[in-house]
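The values are calculated or read from the model by the stated rules, or taken from the named source; none is laboratory data. Quantities reported herein were computed from a predicted structural model and do not represent experimental measurements. Note: ideal-geometry Cβ built from the backbone for every residue, glycine included; neighbour counts use all protein chains shown. For accessibility, only protein heavy atoms count, side chains too; no ligands or nucleic acids. Shrake-Rupley method; radii C 1.70, N 1.55, O 1.52, S 1.80 Å.
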Amino acid sequence: MGKLVQICVGLAFLALSLSSIAVADDVVVLTEENFEKEVGQDRAALVEFYAPWCGHCKKLAPEYEKLGATFKKAKSVLIAKVDCDDQKSLCSKYDVSGYPTLKWFPKGSLEPKKYEGPRTTEALAEFVNTEGGTNVKIAAIPSNVVVLTSDNFGEVVLDETKDVLVEFYAPWCGHCKNLAPTYEKVATAFKLEEDVVIANVDADKYKDLGEKYGVSGFPTLKFFPKGNKAGEEYEGGRDLEDFVAFINEKSGTSRDAKGQLTSKAGIVESLDALVKEFIAASNEEKKAVFARIQEEAEKLTGSSARYGKIYSKAAKSCLEKGADYAKNEIERIHRILDKSISPAKADEFTLKKNVLSSFA
């Protein structure tokens, strides 16, 4: 038992140190700690000084993110942003008095000039190309939001196997434009969840759909879960974290705002209880508990069935390879997650890591 306690403590510490897979944003986030490491060095930089609550900043956000994607591979130019609510002294240092403020820092200089032009991707890209001596064309960014029409609404939204969040919007609506970048991030966060759909419909163009679902203002958000295709009003907050928490609660998913699986993903309470018995049991008793884990895993359905298989395989490996198996395998997975791998592979290894942590 002493050895098991040591393993448990060691793995608990390891679990705390395991960080989520870093997903690089196209727009680099600057703080006091990294500002002079990124700006004023061997590349020029366009920096947006903004405040999260600022309406003009929210309107600029999708244009600026598109600009970041456009210049992502340009080695001589950096597209970055500073949250002035969080980095007050940094914004004060550069005389930021309104939001958003855009400043251009030439290569090797911390003396910027203010950008005074239009706040569109096209205008910003032209400015950066001119000032930075680049010739980069605007990137097309694919969307993860499913576009609905009268023709496909029923097929997508009324599918009993899907949980669907629908935004009813109008192209001229300012609040809809402000919501757009956040809504896109919600769709991106859940793009690997086969049972979750994040969609929108132009209810100004498809008025019949707006009337059918009682839409009287824009944007209106309705959730159509598997068990209620009449739809229910979404009345939560409109920050990314609010939407993510809502979908996780309603759909039983475990994603964070970046779309990465949380430490709760893949965990099944009934199997976790058996794993505790498995760890405490003697070598002879472990075989009987392993049989119960297999039996319980086979009862699971849907996505939980996938998790059950991971538990069964982990228990079998622990039985065959000894008490150090879970610790060694988690360390191996940690090394894999530190590398650049596909989101789908990252999900696969994170689920396995989470389940193995239960065996610690």
Normalised contact order of segment 146-251, rounded percent, pairs of Cα under 8 Å and 6 or more residues apart: 36 percent
0 to 90° range, to nearest 10: angle between helix 283-299 axis and the chain longest Cα axis: 50 degrees
Accessible surface of residue 166 - all protein chains present, 1.4 Å probe, nearest 10 Å²: 0 Å²
Of 73/250; 137/258; 299/345, those spanning more than 30 Å from alpha-carbon to alpha-carbon: 73/250
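May I ask you to compute the full-extension gain from residue 238 to residue 319, defined as 0.36 nm times their residue separation minus their alpha-carbon distance, rounded to one decimal in nm?
The residue 238-residue 319 span can extend by a further 24.4 nm.
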Heavy-atom accessible area order for 310, 333, largest first, 1.4 Å probe: 310, 333
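Which of the peptides 249-255, 212-218 is most tightly packed, and how do the rest follow, going by the mean number of other Cβ atoms within 10 Å of each residue?
Taking the mean over residues of other Cβ atoms within 10 Å, the ranking is 249-255, 212-218.
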Average accessible area per residue (Å²) across segment 86-172 - probe 1.4 Å, nucleic acids and ligands excluded: 57 Å²
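Of all accessible surface on segment 269-358 at a 1.4 Å probe, what whole percent is carbon and sulfur?
Within segment 269-358, the accessible surface is 49 percent carbon and sulfur.
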Share of carbon and sulfur in the accessible heavy-atom surface of segment 28-132 [1.4 Å probe, %]: 46 percent
Helical mean residue ellipticity (222 nm; -39500 (n - 2.57) per DSSP H run of 4+; nearest 500) of the chain: -14500 deg cm²/dmol
Kirkwood hydrodynamic radius of segment 28-132, Cα pairs, Å: 13.6 Å
Among beta bridges that DSSP assigns inside segment 31-132, antiparallel share in %, nearest 5: 50 percent
Relative contact order (percent, whole number), the chain, Cα cutoff 8 Å, 6+ residue spacing: 15 percent
Global form of segment 269-358, assessed from the alpha-carbon gyration tensor, a/c cut-off 1.5: oblate
Efficiency of FRET from Cβ geometry, residue 276 and residue 138, R₀ 51 Å, rounded to 0.05: 0.40
